[in-house]
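The values are calculated or read from the model by the stated rules, or taken from the named source; none is laboratory data. Keep in mind that what you see is a predicted model, and the values were worked out from it rather than measured. So basically every Cβ, Gly included, is an ideal-geometry build from the backbone, and we count neighbours across all protein chains shown. Surface areas here come from the heavy atoms of the whole protein model, side chains and all, with no ligands, DNA or RNA. Shrake-Rupley method; radii C 1.70, N 1.55, O 1.52, S 1.80 Å.
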Amino acid sequence: TTTEMAGWGTFFFSLLNYKTEKYVIAENRKIGILFRIYQLAVLGYIIGWVFVMKKGYQEREEAIQSSVITKLKGVTLTNSSESGLHLWSAEDYVIPPNGEQVFFVVTNYIETPNQRLGFCAEVSGHINESLLSPSGIKTGLCINSTGTCEIHAWCPVEHSKRPTVPLMSEAENFTIYIKNFIRFPKFEFSKSNVLDTTDDSYLKRCSYDQVDHPYCPIFRLGDLVKWAGHDFQDMAAKGGSVGILIEWYCDLDKDYSQCNPQYSFTRLDINLNNSVTSGYNFRYARYYKDQNGETFRTLYKVYGIRFDIMINGQAGKFNIIPTIIAIGSGVALLGIVSYLHDIVAELELHCRTVWNKSILKENRVNYPL
Amino acid sequence: TTTEMAGWGTFFFSLLNYKTEKYVIAENRKIGILFRIYQLAVLGYIIGWVFVMKKGYQEREEAIQSSVITKLKGVTLTNSSESGLHLWSAEDYVIPPNGEQVFFVVTNYIETPNQRLGFCAEVSGHINESLLSPSGIKTGLCINSTGTCEIHAWCPVEHSKRPTVPLMSEAENFTIYIKNFIRFPKFEFSKSNVLDTTDDSYLKRCSYDQVDHPYCPIFRLGDLVKWAGHDFQDMAAKGGSVGILIEWYCDLDKDYSQCNPQYSFTRLDINLNNSVTSGYNFRYARYYKDQNGETFRTLYKVYGIRFDIMINGQAGKFNIIPTIIAIGSGVALLGIVSYLHDIVAELELHCRTVWNKSILKENRVNYPL
Amino acid sequence: TTTEMAGWGTFFFSLLNYKTEKYVIAENRKIGILFRIYQLAVLGYIIGWVFVMKKGYQEREEAIQSSVITKLKGVTLTNSSESGLHLWSAEDYVIPPNGEQVFFVVTNYIETPNQRLGFCAEVSGHINESLLSPSGIKTGLCINSTGTCEIHAWCPVEHSKRPTVPLMSEAENFTIYIKNFIRFPKFEFSKSNVLDTTDDSYLKRCSYDQVDHPYCPIFRLGDLVKWAGHDFQDMAAKGGSVGILIEWYCDLDKDYSQCNPQYSFTRLDINLNNSVTSGYNFRYARYYKDQNGETFRTLYKVYGIRFDIMINGQAGKFNIIPTIIAIGSGVALLGIVSYLHDIVAELELHCRTVWNKSILKENRVNYPL
């Protein structure tokens, strides 16, 4: 029983102190190196990926709340032979006028004034110019020589061609003021893209610049289109669609001033040089009544640029729960590895001890013989 | 020491060649089978789920950028006893008219022309018909016999009943042209749901069909409502809301032509056969001034269908980083298993060797006796 | 060979019955306790976190489909010295009037009637009052004594100051009816925030209350602003933006009646007490023609509150696949632990057996001597 006790003593000793038993580690160099590599990989993953890259110690908020108010500034006078002098200010060229996140700016138009309900000849070239808007109901009377038919419609029908040079080419210098408020409700954090200044005149004269004026939210239309990689005058003639993306990726463990909006600009309708699918236009009418109570209207076919302001964002802030989970899973992973190592080393040692002992004893048995 | 060296020789031999030692595997059949099953499960999970199902080798892009331009085509003439002849074209029946992603198409209406500010009798039946729009301010004068009171309002007040047959039943044949451009900015990939053809006439005559014309984005309103599982004429009378979902799930490792839009259509307002909560209507007014500068207006209560175009999408493309992570985690999982197996087998063998040796030696010790 | 057979018998016996061999567990108390703790931690994680907290047995649907229809009710009479008597009903003060998810309610305004295109003097104070809307094009003629210049514009130009007390202060008592339908397409589940009642009068008289009337979707504007933490009259004078968030988090394994909307209200534009960036206003014009066919207009600068209704939601329902995956990963985790335990215990026992045997034999060898 003394030898047995000694064996167990060695076993428990090895259990506690295996790491100091150099020869065990030396003997199991292959296992040891593999374990160390695995431990380093796990540690690197936990620290490098989970903590530094993914900020696993932070609680995240993706449900950004956002409010956008837009306002356009600029006046232009158009003078076409057909519709005479027109003064366009923001209440006219911004559709809808109510400062929304998505709005259309008129840059070119065809005006058909004083239309009245009646009977007139279809415009023969009309079908070819416009894909989707025949303007009336055929009565059945057709003139075979010209190929045109009589229609019941608002007469005279729209027949002008789209001006190839945009009538409102000065729209390039209009400015748009984008006031964006964001909130991360979970963190009770809110910020705006407008400089928090008492100097009112700054926000009247400034112009957005990524480096010098990142908190001046005033943009020239021409710049917006240029930054999206297109030419304003080309786009103004036929119309198009431009996206303004404002991104707020905020690490709220850092200073308030480190949470800044990032702007990017893209053309959303890809012009494939296909006359059918390119451009942006629609019609609207203004209705009037004359002194006899009869209705007449002015029809506008407007071409222009639709601006679509998109807000994205995400915030992260230190929180004890994700930190514990991240550390816990890291410790668990490391723990499994270390634990496996312990078990393997311990068993190795134990078996070694048993073996050595049995050899010794045998030797003891043999030698006396 | 010779036996000890021999023992270690066997140990290292077993460390390297355990797999060829048939008797070890035979002896540990239970452990071996469990390990093989686990390895197969892990391999199946990695290959089947991570790679084939979840495409773990791809970088994903969920921030689809999208632009929708809509255009309606169709003209209808309505003739009601109260408001006379009306010609409705897209600029009138699409609200708002500016080609947006969410728009309302008028299919039925009540017109109340020539209202002027003044004093008139409340319409007694009005409250029962309309939930939320009393039309004026009570002056306090009430006629007890009829139960109606005088109001300061736009007179005459709206008093007609909603036509049970939609006045614009022909709206069923109106067509809607939906031009949808999408972009996956991370991959610089963009596509449109419109056939990229030089044959302009195709896009004038075609009609969407899932099989034959998937790239013709022209839809009959009647079809849209039918595909959403409802009857157009029913819906047109009271109004409703229809969702058009366009989904772009694209594997950009495949050909450009494999990234196609999928359309689905649903009714968004569930009609619970409850007269209060069903239907869609609102009022708007057109204002006029007579030669004396006095204002009068025409009030329209319009019933119709709101179409809500929703774009969803996701793209994936091969990228070396997620591939490495996916393979790495797979190898790690397999590695743990194989490694466990190695350790177990090796220790088994080692103990076996020790045991055999001690038995042999004992035998050797015993037999000579 | 008999002793060898006996050794193997003990080994296989230990493989199957190690748990009943008290002394092994007793001897490896340290290992055993650690394993038990780890098993408990894994079980707690699986049951507590994966199943109870995260409902890992449920299939989730985050793509909520939603339709919102809004309707405002309320009439107010304004009487200003400049523009006389005005009756404002929903078709006038809701912009746009078509019952959308985002809408603006006019609460204050400046009216500039009977503007005609012409030449007039710039209003000197204008620039200071309004940031972004100079109202015309300078002709070049300037009066040096006053510092004003002649402009080509709609004359007379807007020159009134914003009323400090909102003209439509009664808007506080207007009510908004929000009809919200949601659908979880994956589960074919749909619900509305409107009480499904046949008692029409309930929805005419009720008022939303979180406890008593959670299914009455009628809100007083004053209450909405109050719940967002602000004062209606303050906000009405300058304008602002209020978010109404409706959240549907539904466990569809529970009863239909357990899936309820949760409302929350926030002010989206943070008023930083900065006169430039606060408030919400825009301009629109109504165009008229006189009997000579000349155009004149009435310009409105309206201040008001924009309401933005945001719908969020998520549903979960029992599904066999996530349940199997959750249980499978749990079993796998537990299995690794138990398996490790088995291996360790078994090897311990085996080594112990070998050791004991060698000692016994040696004893046997020794004693006979």
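Numbers below:
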| item | result |
| --- | --- |
| Segment A:91-105 residues that are farther than 13 Å from residue C:281 by Cβ and facing chain C (nearest Cβ under 8 Å), paired with ones that are aromatic (Phe, Trp, Tyr) and not in a loop (DSSP other than H, G, I, E, B) (beta carbon under 7 Å, 6 or more apart) | A:96/A:103 |
| Count of residues meeting criterion [aromatic (Phe, Trp, Tyr) and surrounded by fewer than 20 Cβ atoms within 10 Å (Cβ to Cβ)] in segment C:69-127 | 1 |
| Pairs where the first residue, in segment A:306-330, is in a strand (DSSP E or B) and the second is β-branched (Val, Ile, Thr) and open to solvent by 10 Å² or more (accessible area, probe 1.4 Å), C-beta under 6 Å, 6+ apart | A:308/A:102; A:313/A:64 |
| Matching residues, segment A:172-188, being more than 9 Å from chain C (Cβ to nearest Cβ) and of a type in the set (S, T, N, Q) | A:173, A:180 |
| Residues located in segment B:189-239, provided they are within 14 Å of another protein chain (Cβ to nearest Cβ) and either among the acidic types (Asp, Glu) or at positive phi (or both) | B:196, B:199, B:200, B:229, B:239 |
| Residues of segment C:37-64 satisfying the condition of being in contact with a Lys or Arg (Cβ under 8 Å, 6 or more places away or on another chain), open to solvent by 20 Å² or more (accessible area, probe 1.4 Å) and at pLDDT 85 or above | C:59, C:64 |
| In segment C:133-153, the residues that are of a type outside the set (Val, Ile, Thr) and in contact with a Leu (Cβ under 6 Å, 6 or more places away or on another chain) | C:150 |
| Tally, over segment A:291-321, of residues that are buried (at least 17 other Cβ atoms within 10 Å of the Cβ) and not basic (Lys, Arg) | 17 |
| Members of segment A:187-200 found to be touching a strand residue (DSSP E or B) at 6+ places or on another chain (Cβ under 9 Å) and assigned to a loop (DSSP other than H, G, I, E, B), listed by number | A:193, A:194, A:195 |
| Check on residue A:223, of a type in the set (Asp, Glu), open to solvent by 50 Å² or more (accessible area, probe 1.4 Å), at pLDDT 90 or above and over 20 Å from residue A:67 (Cα atoms) | no |
| Lone qualifier among A:184, A:232 - being buried (at least 20 other Cβ atoms within 10 Å of the Cβ) and over 30 Å from residue A:255 (Cα atoms) | A:232 |
| Qualifying positions in segment C:297-322 - closer than 20 Å to residue A:297 by Cα and at the interface with another protein chain (Cβ under 8 Å from one of its Cβ atoms) | C:299 |
| Filter result for residue A:73 (out of contact with any helix residue (DSSP H, G or I) (no Cβ under 7 Å at 6 or more places or on another chain), of a type in the set (D, E, K, R) and modelled with pLDDT of 85 or more) | no |
| Checklist (1) more than 14 Å from chain C (Cβ to nearest Cβ); (2) open to solvent by 10 Å² or more (accessible area, probe 1.4 Å) applied to residue A:151, failing item | (2) |
| Matching option when the condition is at pLDDT 80 or above, over 30 Å from residue A:246 (Cβ atoms) and in a loop (DSSP other than H, G, I, E, B), among A:138, A:161 | A:161 |
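Table: residues versus (1) over 25 Å from residue C:300 (Cβ atoms); (2) in contact with a Ser or Thr (Cβ under 7 Å, 6 or more places away or on another chain); (3) at pLDDT 85 or above.
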residue: C:167; (1), (2), (3): no, yes, yes
residue: C:179; (1), (2), (3): yes, yes, yes
residue: C:199; (1), (2), (3): yes, no, no
residue: C:210; (1), (2), (3): yes, no, yes
